[in-house]
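See below for the structure under consideration.
The values are calculated or read from the model by the stated rules, or taken from the named source; none is laboratory data. From a predicted model like this one, the values you see are computed outputs, not experimental measurements. Here the Cβ is made from the backbone with ideal geometry for all residues, glycine too, and neighbour counts use every protein chain on show.
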Amino acid sequence: MTSSTAERSPSRRAGRQRHDTFRYRDGKVAYLLILPVMILLGIFVLWPAVYAGYLSFQNWSFYKDPEFVGWKNFTDVLKDPLFYATIRRGFMFVLMTVPVMLVLAFLFSSLVVSVSGRFAGVLKVSIYIPTIISTVITSIVFVLIYDYSGGLLNWVLAYFSIDPVAWIGDPAWALLAIAVPAIWLGMGLTSLIMVAAMVDIPQEFYEAAAMEGANWWQKTLYITLPQMKNIILYLLITGFVAAIQQYELPLVMTGGGPLDSTTLPNLFIFNHFRNDVNVGYSIAAALLLFVVLGTVSAVVFRILNSEKLVD
């Protein structure tokens with residue numbers, strides 16, 4: 001070993017020791033920084049979830065101590081045909097809202113990225129406005145629009161000599177009537193996320209495609225959509241979860257009626273929580289709904305094979 005090598009070895013060891021010391025110190029600082037968040041997460045998320053799981057095995061109400069009943073609450077929920085009806089209705093509501101919302105948001109986002117910067121800013125602000133409006137206020141506005149005798153929608157139909165429709169009073173139309181404001185409320189954030197994804201696509205791809213004579217449809221099919229697969233997957237999952245858990249719109253607009261035609265899963269759970277003496281039933285139903293949501297989300301990830309998507 002040469003003298004120069006012997007001189008460098010202690011310095012390298014000292015450098016590694018300093019590096020390890022700084023890394024250990026930085027690690028402690030990082031843990032200290034996330035400690036408040038972890039404490040809040042444990043208090044407001046983890047502990048309520050654990051306690052809810054405990055109460056789901058109890059015959060419990062606000063008026064008596066819990067009594068262990070095992071799996072009875074879960075079996076009661078699984079034997080209830082109304083629970084399955086609300087789950088089916090929830091999936092139907094998802095099919096009514098999520099695909100339409102994604103398509104409309106994609107078209108609107110394509111318009112935004114194709115216009116000048118000032119006009120694009122106006123479009124982005126206008127599409128985001130529904131997101132900041134209260135769902136309760138939106139529900140009231142659409143109830144007035146759907147009103148049978150004096151609503152705006154039936155007034156437009158009357159102009160074309162079409163008989164008025166009981167949009168939220170007819171089981172055949174009520175769920176669709178609720179789907180429209182749900183799409184309107186979700187369009188804003190979905191569109192802005194898609195705009196951000198489209199802006200991030202390198203323009204060189206489109207320039208090369210234009211040189212080959214590709215039109216808008218070909219650019220969309222072979223460039224835009226493949227580059228946005230991760231974003232579309234994210235919006236599909238979050239849209240599914242948000243739609244099947246929709247609660248305020250059916251509660252305010254129809255109260256779950258007529259004939260339970262708009263009783264979605266969360267409203268079903270809330271009605272049992274409000275009216276039943278045994279709260280354990282409602283908690284068991286909520287946990288089963290969580291299992292349904294998790295299973296469907298996992299299946300979607302599996303089908304779309306997200307680990308191979310474009311970054």
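Kindly establish whether residue 195 is in the same structural domain as residue 300 (by TED's automatic domain parsing), surrounded by fewer than 17 Cβ atoms within 10 Å (Cβ to Cβ) and β-branched (Val, Ile, Thr).
Values: in the same structural domain as residue 300 (by TED's automatic domain parsing): yes; surrounded by fewer than 17 Cβ atoms within 10 Å (Cβ to Cβ): no; β-branched (Val, Ile, Thr): yes.
So residue 195 does not fit the description; no.
Name the residues in the stretch 159-192 that are aromatic (Phe, Trp, Tyr), surrounded by fewer than 18 Cβ atoms within 10 Å (Cβ to Cβ) and not in a helix (DSSP H, G or I), would you?
160 - this is the single residue of the stretch 159-192 that is aromatic (Phe, Trp, Tyr), surrounded by fewer than 18 Cβ atoms within 10 Å (Cβ to Cβ) and not in a helix (DSSP H, G or I).
Output yes when any residue across the stretch 229-244 is touching a Pro at 6+ places or on another chain (Cβ under 8 Å) and either within 30 Å of residue 271 (Cα to Cα) or not assigned by TED's automatic domain parsing to the domain that holds residue 89 (or both), and no when none is.
Taking the stretch 229-244 as the starting set, the residues that turn out to be touching a Pro at 6+ places or on another chain (Cβ under 8 Å) are 244.
Now drop any that are not either within 30 Å of residue 271 (Cα to Cα) or not assigned by TED's automatic domain parsing to the domain that holds residue 89 (or both), which leaves 244.
Yes.
Take the residues in the stretch 45-73 that are aromatic (Phe, Trp, Tyr), closer than 11 Å to residue 280 by Cβ and touching a residue at least 40 places away in the same chain (Cβ under 8 Å), then tell me which one is surrounded by the most Cβ atoms within 10 Å (Cβ to Cβ).
60
Given the structure, is residue 234 modelled with pLDDT under 90, assigned to a helix (DSSP H, G or I) and under 30 Å from residue 62 (Cα atoms)? Walk me through how you get there before you give the answer.
Working: modelled with pLDDT under 90: yes; assigned to a helix (DSSP H, G or I): yes; under 30 Å from residue 62 (Cα atoms): no.
When the stated conditions are applied, residue 234 does not pass them.
What about residue 209, is it in a helix (DSSP H, G or I) and more than 26 Å from residue 113 (Cβ to Cβ)?
In short, no.
Scan the stretch 228-238 and give yes if some residue there is touching a His at 6+ places or on another chain (Cβ under 9 Å) and buried (at least 16 other Cβ atoms within 10 Å of the Cβ), otherwise no.
Let us first name the residues in the stretch 228-238 that are touching a His at 6+ places or on another chain (Cβ under 9 Å), namely none.
No: zero hits.
Conditions tested, residue by residue: (1) touching a residue at least 60 places away in the same chain (Cβ under 8 Å); (2) surrounded by fewer than 17 Cβ atoms within 10 Å (Cβ to Cβ).
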{"residue": "92", "(1), (2)": "yes, yes"}
{"residue": "101", "(1), (2)": "yes, no"}
{"residue": "114", "(1), (2)": "no, yes"}
{"residue": "125", "(1), (2)": "no, yes"}
{"residue": "132", "(1), (2)": "no, yes"}
{"residue": "157", "(1), (2)": "no, yes"}
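If you check every pair at least six apart or on different chains, which have Cβ atoms under 6 Å apart with a residue in the stretch 287-304 that is within 19 Å of residue 84 (Cα to Cα) first and a residue that is aliphatic (A, V, I, L, M) and part of a helix (DSSP H, G or I) second?
288/77; 293/241; 297/237
If you take the residues in the stretch 74-89 that are over 25 Å from the mean Cα position of the chain (by Cα) and surrounded by fewer than 15 Cβ atoms within 10 Å (Cβ to Cβ), which one is nearest to residue 55 (Cα to Cα)?
75
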